[in-house]
Structures are given as C-alpha cells and as structure tokens.
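Worksheet: the structure to be examined is printed underneath.
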Amino acid sequence: MPDPSQLPWLLRLLDDDSPEVRTAVRDQFASFGDKLEDYLDTLELPRTERERGLIESLVREGRRRRLRDGWEMLASVHGDKPLLEAGQDLVSRFLRRDRAGRSLPEELDVLADGFGTGTRDQDPLSLAEYLFRTRGLTGDRETCDDPAGSDLHRVITTGKGLPISLVSIYILVAHRLGLRVEGCNLPGHFLALADHGGRTFVVDCFNDGTVLLDADLARLSAHAPVRTVDLAALKCDAHVILARVLRNLTAALRRKGDEQSLEDASLLEKLS
C-alpha cells in the first residue's frame, strides 16, 4: 500500500538528475492510482513554477491512465444504460478539475429523486418537462466548442451542455425511473426518442425539451426529410453514443490547440 507521507520526499525527486530515479519515482506516484490527486491536494502548494509543472504533469498522466484503463474495462459492463453511464462517468472524471461535491451518478440520482417525489405524471414527456423546463437544462450556444461540454457532471451543475450530453442525461435519469428513452442519431442533430402511450415522441433536449412534429423534422433534415415513423432506424445504443462523444471531445481538444489538449485528443482517438 503506497504511503502518502512519502509524497513530499517523492516530489523532491521528480526533478532528479538520474533518469532511472525519475522513472522509479513516477512509478511510485502511479501506484497511488485514483487517490493521487486527493493526496496531493492535502500538501502545501509547490513554490516554484517548475514544481507546479511537474505535479500537473503527474496529474495529467494519472487522468489519462485512468481513462485508458477504465475504457478497456467497459467491455465487462452488462446492459446498454449501465454501459452508457459508465462511459460518460469516465469522460466526466477525465475532464473534471474540481472533484468536490457529488459524483455524476449521485447527480443523476438527485435528478431522478426530484422528479419522482413530485405530483406530476410519471412518464418520459413529463420527465422532459421537468429536466429541460423546470430544472432548466438547455443547450449551450455560447461555448459549444468547450471540451467541458462533454462532461455530464458540469452540464448538470451549470445547466448548459451539448445536445448529446443533454440526451444522455435524459436517458440515464429515465432509466432510473423505469422509463424508456433512447438516443436518435439524426445527421447534424442529436435527439431523444421517448416511448409513451404506444407512440414514439421526438424530444429536442438542446431546445428546452421541445417535442418535434413531422414538420419540424422535415426542416431539420431538409436534405433528406424524415418523419417520426422513420426514426427507428436512427435509434442508437450506448456504443454509438460514446463513440460520438469521443469524436466531439477529440475535435474540441484539437481546436484548443495547446500541447496538452493535443495529447489528450491523441489518446481519445485511440479509444474511439
């Protein structure tokens, strides 16, 4: 078991003249796993820019390692919605810099509990009304290129996100409540399909949970108009959603263009 009391000593060796020592020290830091950032937070902040850079490098390495290892473990997750949640949680923990407060699953639980304790009808359209009007989750039109838009935890806490992030929240909260909501991979748009009363409704989570009619769909897909009855073929599972999340996030990181973002993007490309 790694000893947190050794961290100050290990930090002093990060910049050792010997490559062998530096490698051994980094291996020691890696052995702390998910707890490394928490342990580092308990230490006094390093005094030099060089020391800060070395610690930030350690943190980035840890985040990348956890994402890479966690993504490989997704193959053992059973069930479409548990897979979607596990993948989105990995992305959230990779992007999230402030680890205080609730986890993503806990935030989703809070949303489900808030809906379930009300007097409203317990159906997916009422849930859309609750999430996207009462709770105010909506599309982020100002910072749509921000990688953080792929972090479901941030989307819930700020109230703004990408279409696929909002749809994912809708799907996962619905699943907790025993309601059926799926993703709809319409070219150029990402929507939700909600089954209710023997019908399938198209919900635009980016625009306040609006239920779309055939005329609305025709406008969205002017190059190849579709109707509600055609959307079954565009229904997508967790694998498709997570692949699209990785593509969106990779593109956003590449647009940032700094060295660390480009390295993160390269990792994501390997995962997708």
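The values are calculated or read from the model by the stated rules, or taken from the named source; none is laboratory data. Because the structure is a prediction, the values reported are computed rather than measured. Glycine also receives a Cβ, built like all others from the backbone with ideal geometry; neighbour counts cover every protein chain displayed. Ligands, DNA and RNA are excluded from the accessible area calculation, which covers all protein heavy atoms including side chains. Shrake-Rupley method; radii C 1.70, N 1.55, O 1.52, S 1.80 Å.
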For labels at Glu269 and Asp38 in the simple 7 Å Cα→Cβ model, what's the distance in nm? 3.5 nm
With θ set to phi - 60°, apply the Karplus curve 6.51 cos²θ - 1.76 cosθ + 1.60 along region 3-10 and write out the HN-Hα couplings as whole Hz, x wherever there is a Gly or Pro. 9, x, 5, 7, 4, x, 5, 5
Cα extents of region 65-138 along the three principal axes, largest first, in whole Å? 44, 29, 20
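Taking Cα atoms of region 46-85, Rg/Rh with Kirkwood Rh, to two decimals? Each step should come with its number before you reach the end.
Numbers: Rg = 16.0 Å, Rh = 12.2 Å.
In region 46-85, Rg relative to Rh is 1.31.
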Relative to the longest principal axis of the chain, what angle (0 to 90°, nearest 10) does the C-alpha long axis of helix 49-73 take? 50 degrees
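If R0 is 22 Å, what FRET efficiency do you get for Asn207 and Ala232 from their C-beta distance, rounded to 0.05? Kindly include the intermediate steps, with their values, before the conclusion.
Details: r = 22 Å, r/R0 = 1.02.
It comes to 0.50.
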If you fit an axis through the alpha-carbon atoms of helix 238-256 and take the longest principal axis of the Cα set of the chain, what angle between them do you get, 0 to 90°, nearest 10? 60 degrees
With Cα atoms, 0 to 90° folded angle of helix 163-176 axis to the chain main axis: 80 degrees
If I take R0 = 22 Å and measure r between the Cβ atoms of Arg66 and Ser261 in this structure, what FRET efficiency does the formula 1/(1 + (r/R0)^6) give, to the nearest 0.05? 0.80
Test of understanding: what is the full-extension gain from Ser18 to Arg50, defined as 0.36 nm times their sequence separation minus their Cα-Cα distance? 9.8 nm
Tabulate in residue order the Karplus-calculated ³J(HN,Hα) for region 183-190, using 6.51 cos²θ - 1.76 cosθ + 1.60 with θ = phi - 60°, rounded to whole Hz; enter x for Gly and Pro. x, 10, 8, 6, x, x, 8, 10
For region 58-181, alpha-carbon Rg and Dmax in angstrom: 14.8, 49
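If I take R0 = 22 Å and measure r between the Cβ atoms of Leu220 and Arg141 in this structure, what FRET efficiency does the formula 1/(1 + (r/R0)^6) give, to the nearest 0.05? Each step should come with its number before you reach the end.
Working: r = 16 Å, r/R0 = 0.75.
In this case the efficiency is close to 0.85.
Taking Rh as the Kirkwood radius, which is the inverse of the mean 1/r over Cα pairs, what is the Rg/Rh value for region 108-253?
Working: Rg = 14.5 Å, Rh = 15.3 Å.
A ratio of 0.95.
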Within the chain, how many lysine pairs that are 8 or more places apart, or on different chains, have C-alpha atoms less than 27 Å apart? 8
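Report in % the part of the accessible area of the chain that belongs to carbon and sulfur, leaving out ligands and nucleic acids; probe 1.4 Å.
Carbon and sulfur together cover 51 percent of it.
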If you build the Cα gyration tensor of region 138-221 and take the root of 5 times each eigenvalue, what three semi-axes come out, in whole angstrom, biggest first? 21, 17, 9
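Over region 104-184, what is the mean sequence separation of C-alpha contacts under 8 Å (at least six apart), divided by residue count, expressed as relative contact order in percent? Walk me through the numbers before you get to the answer.
Working: 81 pairs, mean separation 26.7, N = 81.
About 33 percent, as a whole number.
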Tell me, what is the per residue accessible area of the chain in Å², probe radius 1.4 Å? 52 Å²
Can you list residues whose amide H is under 5 Å from Asp208's amide H, if they're 5+ apart or on another chain and H is modeled 1.01 Å from N? Gly139
Using 7 Å Cα-to-Cβ label points, what is the Thr158/Val110 separation (nm, one decimal)? 1.6 nm
